[in-house]
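Enquirer: Provided herewith is a single structure, encoded as structure tokens, for subsequent inquiry.
The values are calculated or read from the model by the stated rules, or taken from the named source; none is laboratory data. Computed from a predicted model, the values in this text were never measured in an experiment. Heads up, the Cβs are rebuilt from the backbone with ideal geometry, glycines too, and the neighbour counts pull from every protein chain shown. Note: areas computed on protein heavy atoms with side chains; ligands, DNA, RNA excluded. Shrake-Rupley method; radii C 1.70, N 1.55, O 1.52, S 1.80 Å.
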Amino acid sequence: MPVLEGLWGPDLRMRDSGLGVGVDVGVCPDEDSGSPVWGPLRTPPVTCGGLSLALELPALIRQLRAAWRARRGGPRGSERSEASSWVEADKEVETEELKQDVEDRSAILEADGRLSTGHAGVLLAERRGSYPLIDLRFLKTSLQREEVESGTRKKVTRQLSFQRYCHASRLLRGLVPPTPGSLHLLDDDYLGQAAHMLSKVGTWTFDIFLFDRLTNGNSLVTLMCHLFNVYGLVHHFQLDMVKLHRFLGMVQEDYHSQNPYHNAVHAADVTQAMYCYLKEPRLAEQLSLLDVFLGLIAAAAHDVDHPGVNQPFLIKTRHHLASLYQNTSVLESHHWRSTVGMLRESGLLSHLPADMSLDMEQQLGSLILATDISRQNEFLSTFREHLDNQDLDLQLASHRHFMLQIALKCADICNPCRVWELSRQWSERVCEEFYRQGDLERKFDLEISPLCNQQVDSVPAIQTGFISYIVEPLFEEWQRFTEPSLLSRTMMGHLQKNKAHWSRLRHAQTTLDTQTHPSDDEPEGGGGENIP
């Protein structure tokens, strides 16, 4: 049963019983309509180059086509048409005015530290939700203050909303973008292989790296669209497919591809794992479609706009996000707020009642904040207590939400439970990201964070400790909850094998280091005799 059945009539028009106003699907009513449903979610009109960014896609495309035809078909030189002159002379000035207005309003929004519906217009022009791009070159360190503050901020190229509208329209109409480096449509062979992989998306051996290559780097968008169709979420929530694709594209784009680990492929991997967990019989029998929708969105966006450094780094460099969130769940709070910003910019939930969309945003925040690794013991002890007391009642919404939090936490750290070939790649990637942070801290004469010193912390040592103290305790309780579960037994089997493999590598590395660097009390050259 569609979630909006109580609000939509047979002719698919929303009725305001108090005002008698009919509103077409996907079209905002007039500003003075007074609708309690649409009013709080309406975005103020924003213009750029004379075009209204609040227009629906068809009208916006028509305006752009008319402007382009006027420019291409008009006379040259001094005889250019008025439309051509407008395109070339006015768009730059008005675009700069819009950008300046966005910067001023974004500064007010940052100081306020929260997203309100009144700021939805700002989100039409800003890619990254509420906050500016994190630039690690501009750090407020005590020893490098003069050097850093004297630098010139790199100009960040961002697409305005009408540009993304046009790009999305070209893709949907099957037109290949002509500019170098743009996304090209996949050929039939690759599409066939990707579709074949999607038919096995519920298996634990799913290779997300191969899938990302087959989808030309669009694994997250492709996977999410497929899972939404599997569960019938588009029909149930009466989602606009253009808005859905736009939202997912923004989420995927706002992951930093230069991060070895925290990138869109990691988000797709977590989403695929989350899907496997949602299929567990103990959960699947009780979850509502709203639970599934929130679980998949939270998995896809749980690390969006991750800067590639951890919370202690942001705190000791006095980053603005650390100040904004008072040094508590800094990154997770930013991921959540950025997700809310993109939801509102895309208008994905704009057709829902205001109170319902706000509640969904809050639940998304609760799920994403649960991935904070510093809260691991808090969730683990609560989970263990529920299992010991056998008092989990999944008919209660609060208990289902708690299990979604646990499932997302498991999906976020499930790499050691994959087959060795996949697990090893993820382990090397996350350690590479740690080492990059350590190199950055060394460059700025900061104390090197734990696990970030490549000369001291080896990959086998990091992974052995991570499995023993973080992964193993959580998945032991997850196995208790899902028992009897073939997937849980499979994951625990991989986990034990991978832990043993890393332990052997660590021992071999320790032995080699001992032979290569003998202790000071040994005679000179004595250690080399034992090297094979």
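Enquirer: What's the ranking of 415-422, 493-500 by average number of surrounding C-beta atoms within 10 Å, highest first?
Expert: Result, highest mean first: 415-422, 493-500.
Enquirer: Of Asn310, Met342, His245, whose Cα points farthest to the positive end of the dipole of the range 234-353 (charges on the beta-carbon: +1 Lys, Arg; -1 Asp, Glu; origin at the Cα centre)?
Expert: Farthest towards the positive pole: Asn310.
Enquirer: Given a 1.4 Å probe and heavy atoms of the protein chains only, how would you sort Leu451, Leu369, largest accessible area at the top?
Expert: The ranking, largest first, comes out as Leu451, Leu369.
Enquirer: Let me ask another. Using only the heavy atoms of the protein chains and a 1.4 Å probe, how would Lys316, Lys409 rank by accessible area, largest first?
Expert: Most to least solvent-accessible, the answer reads Lys316, Lys409.
Enquirer: If you average the C-alpha positions of the range 247-297 and of the range 404-473 separately, how far apart do those two centres end up, in angstrom?
Expert: The distance from the Cα centre of the range 247-297 to that of the range 404-473 comes to 20 Å.
Enquirer: Have a look at Asn377, Ser449, Gln326 and report the one farthest towards the positive end of the charge dipole of the range 307-455, computed about the Cα centre with Cβ charges (Lys/Arg +1, Asp/Glu -1).
Expert: Ser449
Enquirer: Considering only protein heavy atoms, with the full assembly of protein chains and a 1.4 angstrom probe, order Tyr261, Tyr231 by accessible area, largest first.
Expert: Tyr231, Tyr261
Enquirer: Could you sort 482-491, 389-398 so that the peptide with the highest average Cβ count within 10 Å comes first and the rest follow in order?
Expert: 482-491, 389-398
Enquirer: Would you mind checking the pairs Lys443/Lys497; Lys200/Lys497; Lys409/Lys443; Lys200/Lys409 and listing those with alpha carbons more than 27 angstrom apart?
Expert: Going by Cα-Cα distance, Lys443/Lys497; Lys409/Lys443 fall outside the 27 Å limit.
Enquirer: Separate question: With a ≥ b ≥ c taken as the square roots of the eigenvalues of the C-alpha gyration tensor of the range 308-452, please select rounded if a/c is under 1.5 and otherwise prolate if a/b is larger than b/c or oblate if it is not?
Expert: Oblate, because a/c is 1.5 or more while a/b does not exceed b/c.
Enquirer: While we're on this one: Counting only the heavy atoms of the protein chains, how much of Arg504 is accessible to a 1.4 Å probe, in Å² to the nearest 10?
Expert: 140 Å²
Enquirer: Same structure again: Ranking request for peptides 320-328, 333-341, 305-313: highest mean number of other beta-carbon atoms within 10 Å first, then the rest in descending order.
Expert: Per-residue Cβ counts within 10 Å, averaged per peptide and sorted highest first, yield 333-341, 305-313, 320-328.
Enquirer: Is the range 188-330 best put as rounded, prolate or oblate by its Cα gyration tensor, with a ≥ b ≥ c the root eigenvalues, rounded for a/c under 1.5, and otherwise prolate when a/b is larger than b/c, oblate when not?
Expert: Because a/c hits 1.5 or more and a/b exceeds b/c, the range 188-330 counts as prolate.
Enquirer: Under the 0.36 nm per residue contour assumption, what length would be gained going from the current alpha-carbon distance of Gln509 and Gln286 to full extension?
Expert: Separation in residues times 0.36 nm, less the Cα-Cα distance, equals 75.5 nm.
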